[in-house]
Amino acid sequence: VDLGDPVLANARNNVNFAGQFGAHYRFRNFVFGFSLLNLIRNTPFIDDNPTDAPKFSPLDDYAIYASTRIPLGETIHIQPIVVGRSDNAGNRFVEGTVMFHYKNIVSIGGGYRTDFGLNLTARFRVSKLSLGYSYQAPASGVQNAFGPSTEFQGKFLLKDQTAPFAKKKEVKSVPEEPSTASAVQNITEKQDTI
């Protein structure tokens, strides 16, 4: 470790808070969403001098997302996904991905991110457990100090609650009203007995 590195020399051992906000809207098979990814300014690697600090706005670091699911049969769906991203440094890119889903159990797909390269994704779901793998390979000529990246993901669904805001309607039992025909029959029977 190079302790003389100015980035490390200016680092402060303290607590930095992070804040994000996001929302999405779903209509049938279409989903549109957005996220503000950096609501709180954190500067762990620069001095507190405001003249040296880069300009910060929580509205500059965002992502916009759109997706839809298109059935290709009873068990197979195709899902195109488009993501637009911007950060505080002025970097902007667009990423397009296409996923193929089989019975909501296996998902395989890939895509391309501008100024970076290709990505591949695979997911497998059994009951409440979901496992995923993602690989990103930078295109030739892209300056990336870390090379390709690999990500493993695991999810476990604690409670399946598909409609958390839906309230069950109470059904009150109402005694049946006699039909007109049976009411007339009861009256005629009473008249016959009189």
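The values are calculated or read from the model by the stated rules, or taken from the named source; none is laboratory data. Just so you know, these numbers come straight off a predicted model, no measurement behind them. Note that each Cβ is placed from the backbone with ideal geometry, even for glycine, and that neighbours are counted across all protein chains shown. Protein only, heavy atoms only, side chains kept; ligands, DNA and RNA dropped before computing areas. Shrake-Rupley method; radii C 1.70, N 1.55, O 1.52, S 1.80 Å.
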Exercise for review: Can you work out which of the residues in segment 44-79 that are farther than 30 Å from Met99 by Cα and at pLDDT 60 or above is nearest to the chain's Cα centre (by Cα)?
Suggested key: Pro58
Point to revise | Where a residue in segment 101-119 is under 18 Å from Ser67 (Cβ atoms) and of a type in the set (D, E, K, R) and its partner, wherever it lies, is exposed (fewer than 14 other Cβ atoms within 10 Å of the Cβ) and at pLDDT below 95, with Cβ under 7 Å and at least six apart | key: Arg113/Phe93
Practice item. Report yes if some residue within segment 22-34 is at pLDDT below 95, out of contact with any Gly (no Cβ under 7 Å at 6 or more places or on another chain) and closer than 26 Å to Gln136 by Cβ; otherwise report no. Key: no
Practice item. For segment 61-103, enumerate the residues that are open to solvent by 80 Å² or more (accessible area, probe 1.4 Å), within 25 Å of Ser127 (Cβ to Cβ), not basic (Lys, Arg) and not in a strand (DSSP E or B). Key: Leu72, Glu74
Review point. Do we find a residue being within 27 Å of Ser107 (Cα to Cα), open to solvent by less than 70 Å² (accessible area, probe 1.4 Å) and modelled with pLDDT under 90 anywhere in segment 35-43?
Key: yes
Review point. Since Pro178 meets every condition but one in (1) open to solvent by 100 Å² or more (accessible area, probe 1.4 Å); (2) modelled with pLDDT under 70; (3) assigned to a loop (DSSP other than H, G, I, E, B), which condition does it not meet?
Key: (1)
